[in-house]
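Reading through the structure tokens given below for one structure.
The values are calculated or read from the model by the stated rules, or taken from the named source; none is laboratory data. Model, not experiment: these values are computed from the prediction. Every residue, glycine as well, gets a Cβ built from its backbone with ideal geometry; the counts of neighbours run over all protein chains shown.
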Amino acid sequence: MDKKPFANPGPAGLMVLAFYLAALWPVATHRAPHEMINVLIALGFAGGLVQFTAGIIDLRNGEIMTGNIMLAFSAFMWLGFWEFLGKSLGFIPENTSIVDGYVFIVMGILMTGFTFGHLKAPKITLFFMIFTDIFFLSAGYFFLTHILIFWKIVGVVLPLVILSILWIVLGTVLNSVFNKEVIPMGKPLIKN
């Protein structure tokens with residue numbers, strides 16, 4: 001097996017996603033005032049940079065699926081950065097739900113397609129992808145229809161996305177450091 005030119009950048013890309021979603025969740029579920037959404041400006045900027053870098057490294061390592069997923073997540077971080085910055089400075093309208101809805105639906109469809117590739121990955125990453133699919137599709141449908149049940153689903157599934165990220169990051173890093181399974185990741189449903 002050829003040695004990859006770089007170490008696995010996935011944990012770094014996922015950590016910034018967890019930070020971003022951990023800031024989004026309390027605002028989205030009305031546990032924090034709406035003005036707190038501006039925290040996503042800084043997190044979107046930092047997350048966009050980290051995930052872009054992680055995606056490029058993944059692609060350089062020959063990881064076509066995870067590299068492209070990281071780059072797509074990077075685009076979402078940049079979208080959040082520019083949208084929230086633009087709204088706070090007044091050059092983007094406050095209500096962008098129709099555009100956000102279509103973008104989230106397209107991302108949800110793509111992530112659902114990539115979920116099939118995760119049948120060959122550790123089970124926790126498959127769960128992460130399923131939770132992510134539900135998040136994007138539910139948020140997209142809410143933005144397009146304003147049917148409240150879709151937003152309630154987002155409020156329930158976001159913590160599951162964050163928890164699965166924590167598990168993946170800690171498992172990937174610690175299992176690598178100790179060169180054994182310290183944190184179980186679950187066997188893939190489909191073996192090579």
Test set (1) under 23 Å from Thr125 (Cβ atoms); (2) at pLDDT below 95 - Ile37 fails condition number: (1)
Criterion: buried (at least 21 other Cβ atoms within 10 Å of the Cβ), closer than 26 Å to Lys187 by Cβ and in contact (Cβ under 8 Å) with a residue 40 or more places away in the chain - qualifying residue of Thr125, Thr132: Thr125
Gly113 being buried (at least 16 other Cβ atoms within 10 Å of the Cβ), in a helix (DSSP H, G or I) and small (Gly, Ala, Ser): no
Test result for Met107, in the same structural domain as Phe128 (by TED's automatic domain parsing) and either part of a helix (DSSP H, G or I) or hydroxyl-bearing (Ser, Thr, Tyr) (or both): yes
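Name the one entry in Asp58, Asp100 that is of a type in the set (Asp, Glu) and farther than 19 Å from Ala12 by Cα. Give the steps one after another, and end with the answer.
On the way: Asp58 fails: farther than 19 Å from Ala12 by Cα.
One residue alone meets the criteria, Asp100.
For (1) closer than 22 Å to Val106 by Cα; (2) buried (at least 18 other Cβ atoms within 10 Å of the Cβ), each residue gets a yes or a no:
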site: Gly10; (1), (2): no, yes
site: Ala18; (1), (2): yes, yes
site: Leu24; (1), (2): yes, yes
site: Val27; (1), (2): no, no
site: His34; (1), (2): no, no
site: Leu43; (1), (2): no, yes
site: Glu83; (1), (2): yes, yes
site: Gly86; (1), (2): no, no
site: Leu89; (1), (2): no, no
Restricting region 14-31 to residues that are among the small types (Gly, Ala, Ser) and modelled with pLDDT of 95 or more, the residue that is nearest to Ile168 (Cα to Cα): Ala18
Residue check for Leu59: at pLDDT 95 or above and either in the same structural domain as His146 (by TED's automatic domain parsing) or more than 13 Å from the chain's Cα centre (by Cα) (or both): yes
Selection count where residues are acidic (Asp, Glu) and touching a residue at least 12 places away in the same chain (Cβ under 8 Å), scope region 31-89: 2
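Of everything in region 1-28, what is over 22 Å from Phe73 (Cα atoms) and not acidic (Asp, Glu)? Give them in sequence order.
Once the filter is applied, which keeps residues that are over 22 Å from Phe73 (Cα atoms) and not acidic (Asp, Glu), region 1-28 yields Met1, Lys3, Lys4, Pro5.
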Leading residue by the ranking (surrounded by the most Cβ atoms within 10 Å (Cβ to Cβ)) among those in region 91-104 that are of a type in the set (A, V, I, L, M, F, W, C) and either touching a residue at least 40 places away in the same chain (Cβ under 8 Å) or not in a helix (DSSP H, G or I) (or both): Ile92
